[in-house]
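This report concerns only the one structure given below.
The values are calculated or read from the model by the stated rules, or taken from the named source; none is laboratory data. Computed from a predicted structure; not experimentally measured. Quick reminder, even Gly has a Cβ in these numbers, built from the backbone with ideal geometry, and neighbours come from all protein chains shown. Quick note on the areas: whole protein, heavy atoms, side chains included, nothing else; ligands and nucleic acids left out. Shrake-Rupley method; radii C 1.70, N 1.55, O 1.52, S 1.80 Å.
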Amino acid sequence: MSWFVETGCVLDAADLPVLLDAQSVPKWVGVAGPMIDARDALMLEETEGFSGWVIKRQKEFSSGRLYARRAMARLGVAVQAVRREENRAPVWPPGVIGSVTHCDDVAAVLMCKRGGVRAVGVDIECRGRIQAELYRGLFTPAEQEMVRSGLSATLLFTAKEAIYKALHPEAGVFIDFPEMELAMRKGRLAASYRGDHKVVHVLMPDLCIEACLLREHAAAVTWLA
């Protein structure tokens, strides 16, 4: 399976990172599209508290839910509402795992049928949004040195966001940005956990990362094999 890009989206499906190893990831799909006003497409179960949000947040949320349903249809899953946990995490349909992301101009959903992988994460960010004054709170000293040497700060941030999205459903603990250190190994990003949560240390050997820098965005997908 692969990415499907909706009309009007600035991304090219061929450029987006994918889940590798078809044997361990039997069926997955990604749907990306432009940030639109899809409020009329929301299902009743998805609208709790919705009216009190600012318009920008409503568009982000409704775009993500719309693309989630299109991903369900492509996976052959009955189209249904994607509710929210108290911590705002999506509640995916039975038999499905997924992740949703949005930036200024793009929303996207990655979805996979259960079996073979335990969790997935996706993040897409606009390049240039991570300014130098944020580095200390986001990156370890070694990562900051990589950025000074030319590695994209947006790419590092995007990969960390996607890692958190994959780990949190399984670990159930908060992971601070500097607790997860990324390094380049043989031309690819690899992660090591520097925190104290034992459950995260147990999960780390199964964490897989694919990330890429596009013309105007950075994108990353992660999964627990």
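Which length gain, in nm to one decimal place, applies between residue 198 and residue 105 when the Cα-Cα distance is subtracted from 0.36 nm times their residue separation? Don't skip to the answer; put the middle values down first.
Numbers: separation 93, 0.36 × 93 = 33.48 nm, distance 3.74 nm.
Computed gain between residue 198 and residue 105 is 29.7 nm.
Size of the dipole of the stretch 142-212 about the Cα centre, Lys and Arg at +1 and Asp and Glu at -1 on the beta carbon, nothing else charged, in debye to 20? Provide the component values of the computation, followed by the final result.
Numbers: 8 positive and 10 negative charges, 47 e Å.
Charge dipole of the stretch 142-212: 220 debye, to the nearest 20.
Out of these labelled values of percent of Cα pairs over 32 Å apart, (i) 38; (ii) 7; (iii) 15, which was calculated from the coordinates shown here?
(iii)
Full extension from residue 142 to residue 129: what is 0.36 nm times the residue separation minus their Cα-Cα distance, to one decimal in nm? Please list the in-between numbers first.
On the way: separation 13, 0.36 × 13 = 4.68 nm, distance 2.04 nm.
This chain segment gains 2.6 nm when fully extended.
What is the dipole size for the stretch 66-168, taken about its Cα centre, with +1 at each Lys and Arg Cβ and -1 at each Asp and Glu Cβ, in debye to the nearest 20? Numbers along the way, then the final one.
Working: 15 positive and 10 negative charges, 108 e Å.
The dipole magnitude comes to about 520 debye.
Residue 165: which lysines have alpha carbons under 20 Å from its alpha carbon, excluding same-chain residues fewer than 8 sequence positions away?
27, 113, 198
Would you rank 12, 196 by solvent-accessible area, highest first, keeping every protein chain in place and using a 1.4 Å probe?
196, 12
Under the rule a/c < 1.5 gives rounded, and otherwise a/b versus b/c splits prolate from oblate, where does the stretch 159-221 land using the Cα gyration tensor? Provide the component values of the computation, followed by the final result.
On the way: a/c = 2.11, a/b = 1.68, b/c = 1.26.
It comes out prolate by the Cα gyration axes.
In sequence order, what are the phi-derived ³J(HN,Hα) couplings for the stretch 161-173 according to the Karplus relation 6.51 cos²θ - 1.76 cosθ + 1.60 with θ = phi - 60°, rounded to whole Hz, with x for glycine and proline?
4, 5, 4, 4, 5, 7, 7, 4, x, 8, 7, x, 10
Relative contact order for the chain: what is it in percent, counting Cα pairs under 8 Å that are at least 6 residues apart? Please report the intermediate quantities before stating the final value.
Working: 434 pairs, mean separation 44.3, N = 225.
Dividing the mean separation by the residue count of the chain yields 20 percent.
Given the rule -39500 (n - 2.57) for each run of at least 4 DSSP H residues, summed and divided by the residues of the chain, what is its mean residue ellipticity at 222 nm, to the nearest 500 deg cm²/dmol? Please list the in-between numbers first.
Numbers: 5 runs with 58 residues, N = 225.
For the chain, the value works out to -8000 deg cm²/dmol.
Over the Cα atoms of the stretch 1-106, each weighted equally, I'd like the Debye log10 I(q)/I(0) at q = 0.14 Å⁻¹, rounded to two decimals.
-0.56
Given 201, 144, 77, which one lies farthest toward the positive end of the charge dipole of the chain, if we put +1 on the Cβ of every Lys and Arg and -1 on the Cβ of every Asp and Glu?
Highest projection toward the positive end goes to 77.
Rank 92, 28 by accessible area, highest first, at a 1.4 Å probe radius? Walk me through the intermediate numbers first.
Details: 92 50, 28 10 Å².
From most exposed to least exposed: 92, 28.
Short version: ³J(HN,Hα) in whole Hz for each residue of the stretch 76-85, in order, from phi by Karplus 6.51 cos²θ - 1.76 cosθ + 1.60 (θ = phi - 60°), x for Gly and Pro, what are they?
Values per residue, Gly and Pro as x: x, 9, 4, 5, 8, 5, 10, 6, 10, 6 Hz.
What share of the DSSP beta bridges in the stretch 1-131 is antiparallel, in percent to the nearest 5?
Numbers: 16 of 19 bridges.
The antiparallel fraction comes to roughly 85 percent.
With label points built 7 Å along Cα→Cβ from the Cα atoms of residue 20 and residue 45, find their separation and express it in nm.
It is 3.6 nm.
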